[in-house]
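J.: Encoded as structure tokens, here's the structure I'll be asking about.
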Amino acid sequence: MIRRLLTAAAGAAAVLTALATAPATAAPATVALPRACNTSAVAAALHTTDAVHLRAGRSRQSRSVMVLPKNTDFYAECWGVSGKDWWAYGKVMSGSATGRRGWVHIDYVANGYRHAAW
């Protein structure tokens, strides 16, 4: 009985040693947020409440990358203020634009995802 306990303890110690000395795996690459992110607000899961332009910058004059349809999931990574307007920068999480990044005006988004496919 004692021999089995000692063998098990030695095995556990070997596993812990291997884990402690294993090379660390690289962290996933993080996307640099634009300098226009000028607030420290928390990231949020959102959805569009109407069709909205996904823009290259945080203003209505910025180039429209595409129009997101109503109920498109959008993950806001940071927030920016331009004049009196609030904008969310992030990643499209549903629909044909999945993976695209840009700015949306906060008048056209609400809390929570509509499509929880993952």
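The values are calculated or read from the model by the stated rules, or taken from the named source; none is laboratory data. Note that the structure is a prediction, hence the values are computed from the model and not measured. Reconstructed Cβ throughout: ideal geometry from the backbone, glycine too, with neighbour counts over all protein chains shown. Side chains included, ligands, DNA and RNA excluded: accessible areas come from the protein's heavy atoms. Shrake-Rupley method; radii C 1.70, N 1.55, O 1.52, S 1.80 Å.
J.: Can you pull the percent of the range 38-105's accessible area that's carbon plus sulfur, 1.4 Å probe, other chains left in place? Mind dumping the intermediate values first?
T.: Values: 1640 of 3280 Å².
So the carbon and sulfur contribution to the accessible surface is 50 percent.
J.: Same structure again: Which order do the peptides 81-89, 56-64, 96-104, 69-77 come out in when sorted by mean C-beta neighbours inside 10 angstrom, highest first? Walk me through the numbers on the way to the answer.
T.: Values: 81-89: 15.8, 56-64: 14.0, 96-104: 17.4, 69-77: 19.1.
Answer by packing, highest mean first, reads 69-77, 96-104, 81-89, 56-64.
J.: Taking the Cβ of ASN71 as the center, what net charge do the other residues with Cβ under 11 Å away carry, scoring Lys and Arg +1 and Asp and Glu -1? Let's see the in-between values first.
T.: On the way: positive: LYS70, ARG114; negative: ASP50, ASP73.
Around ASN71, the charge tally is 0.
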